[in-house]
Each structure stands twice: as structure tokens, then as C-alpha cells.
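Peer 1: Have a look at this one.
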Amino acid sequence: KAGVTQTPRYLIKTRGQQVTLSCSPISGHRSVSWYQQTPGQGLQFLFEYFSETQRNKGNFPGRFSGRQFSNSRSEMNVSTLELGDSALYLCASRPDPAGETQYFGPGTRLLVL
Amino acid sequence: AQSVSQHNHHVILSEAASLELGCNYSYGGTVNLFWYVQYPGQHLQLLLKYFSGDPLVKGIKGFEAEFIKSKFSFNLRKPSVQWSDTAEYFCAVSISGTYKYIFGTGTRLKVLA
């Protein structure tokens with residue numbers, strides 16, 4: 001099976017712009033989670049989607065949003081970018097949302113100038 | 001609030017040295033426990049996991065971890081590290097019966113050849 005894919009892999013944006021990141025989970029996986037990874041902060045949980053519904057949300061401002069489509073693909077959007085949003089954004093999928101192993105994609109590295 | 005603590009942020013060892021990375025979590029109920037590893041330039045991948053049963057679990061590449069419920073700990077060990085173990089290691093906890101998945105801040109391990 002193909003792994004989790006994320007596009008684009010790299011992005012450079014300026015403050016105030018918005019960005020959309022995409023994630024395609026492993027075939028058959030219905031749960032998709034998003035994380036922000038920064039040095040020293042580890043992985044900060046953004047949100048999780050299952051069957052097109054947001055099941056869980058982390059402590060990020062409303063500028064961070066996401067959605068999931070009927071084919072389980074997911075997008076996350078960050079509006080009004082700030083310098084502090086520069087990070088590696090990771091997507092992870094799993095077949096069932098409760099407790100199972102997550103499978104991670106390569107991430108999208110976002111640089112905000 | 002539930003949390004996961006990894007006390008060692010940076011560890012430097014020589015090849016053949018023994019490794020122990022600490023992980024403690026704060027939650028009184030049933031949990032599933034994971035260690036993930038991120039090798040330079042690669043995806044986060046599962047190293048080992050504990051759901052139930054024998055509290056000493058073995059993972060890939062000679063790693064093992066011991067779940068000590070009374071100490072809320074899940075420390076990672078390897079008797080003899082190799083240069084190729086240079087990576088960032090993340091401990092994670094999943095709260096049983098929920099969708100919550102909490103990561104520690106990670107430990108960067110550098111093994112000197």
C-alpha cells in the first residue's frame with residue numbers, strides 16, 4: 001500500500017497570506033490527524049478528522065482550520081500567516097481513531113517570511 | 001490536563017554505549033503507549049508500542065521499553081547503540097477509548113562513531 005502523502009513538500013509564504021496543505025491517507029484509513037512540529041515543542045496536535053467530521057481539536061487559534069473529504073483526503077488551512085507558523089506540518093492516518101498506531105507522512109515544511 | 005514528559009532533550013552517546021530515554025505521562029486511566037522515531041530526513045515511524053500484557057515490549061532494531069504503571073513511565077532502552085540510531089525519539093500516549101493522542105517534546109539522540 002502507498003503511504004501517507006502530503007503536498008506540497010515545501011512552501012514559502014509571507015505574513016498575512018493564507019496557505020492550504022493537503023494530505024492523502026493510506027488507502028482504507030478513515031482517520032486523519034494533523035500536527036505542527038517545531039524544534040523544542042515536539043508535535044503539537046492540531047485536529048483529527050474521521051468520516052468527514054472533526055473528532056478532536058488542539059489548542060490552536062481559529063486561523064487553523066481543516067476538513068476531510070468523502071475519500072478521506074484532508075486539507076488544512078492557515079489564514080493570516082504569522083512568522084511563528086513556520087514549522088513542519090505532519091499528517092498521520094490510522095484505520096480506526098481510538099488508540100491505534102498512526103502512520104505519518106513526510107510533512108510539509110512551511111516557511112513564513 | 002494530560003501530558004507526556006520526556007526529560008532528556010538532547011543525548012550524546014558513543015557507539016556501543018547503553019541508552020535509556022525517559023518518558024512519563026500524567027493520566028490515571030488506561031493508556032496505550034508508543035515510541036516513534038524520526039531518522040534524519042525520514043518520516044516519523046513506529047518503534048514499538050504497548051497496549052496490554054507483558055509490560056516489557058520489544059521493537060525494531062533492538063529497542064525495548066518497559067511500562068511501569070505505578071510510575072506512569074514508559075522508558076525506552078537499547079543495550080548498545082549504533083551510529084545509525086542517531087535520530088529524534090518521541091514518546092506518545094493514547095487515552096484508551098478516546099481519540100486523544102499526546103506526544104512528548106522529543107529527545108534528539110546523537111551517536112558518535
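The values are calculated or read from the model by the stated rules, or taken from the named source; none is laboratory data. Because the structure is predicted, anything quoted here is derived from the model rather than measured. Cβ sites come from the backbone with ideal geometry, for glycine too, and all protein chains shown count toward neighbours.
Peer 1: Enumerate the pairs (first residue in the range B:32-45 and more than 8 Å from chain A (Cβ to nearest Cβ) and over 19 Å from B:ASN75 (Cβ atoms); second residue anywhere and assigned to a strand (DSSP E or B) and of a type in the set (D, E, K, R)) with beta-carbon separation below 9 Å, excluding pairs fewer than 6 apart on the same chain, so at least 6 apart or on different chains.
Peer 2: Matching pairs, first to second residue: B:TYR39/B:GLU88; B:PRO40/B:GLU88.
Peer 1: Any residue that is in a strand (DSSP E or B), aliphatic (A, V, I, L, M) and within 11 Å of chain A (Cβ to nearest Cβ) - is there at least one of those in the range B:14-25?
Peer 2: Kept after step one, since they are in a strand (DSSP E or B), are these residues of the range B:14-25: B:14, B:19-21, B:24-25.
Subset that is aliphatic (A, V, I, L, M): B:19, B:21.
Subset that is within 11 Å of chain A (Cβ to nearest Cβ): none.
Within the range B:14-25, not a single residue is in a strand (DSSP E or B), aliphatic (A, V, I, L, M) and within 11 Å of chain A (Cβ to nearest Cβ).
Peer 1: Select from the range A:10-63 the residues that are over 21 Å from B:PHE34 (Cβ atoms) and touching an Asp or Glu at 6+ places or on another chain (Cβ under 6 Å) and write down the one among them that is nearest to the other protein chains (Cβ to nearest Cβ).
Peer 2: So, considering only residues that are over 21 Å from B:PHE34 (Cβ atoms) and touching an Asp or Glu at 6+ places or on another chain (Cβ under 6 Å), the one nearest to the other protein chains (Cβ to nearest Cβ) is A:SER22.
Peer 1: Grab the strands (runs of 3 or more DSSP E) fully contained in the range A:33-113, keeping just those with 1 or more residues being buried (at least 20 other Cβ atoms within 10 Å of the Cβ) and either at pLDDT 95 or above or not aromatic (Phe, Trp, Tyr) (or both). Lay out the reasoning, then the answer.
Peer 2: Details: elements: A:42-50, A:53-57, A:64-68, A:74-78, A:87-94, A:108-112.
Strands (runs of 3 or more DSSP E) meeting the threshold: A:42-50, A:64-68, A:74-78, A:87-94, A:108-112.
Peer 1: Given the criteria touching a Ser or Thr at 6+ places or on another chain (Cβ under 8 Å), at pLDDT 95 or above and surrounded by 20 or more Cβ atoms within 10 Å (Cβ to Cβ), does A:LEU11 qualify?
Peer 2: Numbers: touching a Ser or Thr at 6+ places or on another chain (Cβ under 8 Å): yes; at pLDDT 95 or above: yes; surrounded by 20 or more Cβ atoms within 10 Å (Cβ to Cβ): no.
So A:LEU11 does not fit the description; no.
Peer 1: Another question, then. Quick check on the range B:47-68: of everything there that is in contact with a helix residue (DSSP H, G or I) (Cβ under 8 Å, 6 or more places away or on another chain) and in a strand (DSSP E or B), which residue is surrounded by the fewest Cβ atoms within 10 Å (Cβ to Cβ)?
Peer 2: The initial filter retains those residues of the range B:47-68 that are in contact with a helix residue (DSSP H, G or I) (Cβ under 8 Å, 6 or more places away or on another chain), namely B:47-48, B:55, B:61.
Keeping just the survivors that are in a strand (DSSP E or B) gives B:47-48.
Details: B:LEU47: 21, B:LEU48: 19.
Among residues in the range B:47-68 that are in contact with a helix residue (DSSP H, G or I) (Cβ under 8 Å, 6 or more places away or on another chain) and in a strand (DSSP E or B), the one surrounded by the fewest Cβ atoms within 10 Å (Cβ to Cβ) is B:LEU48.
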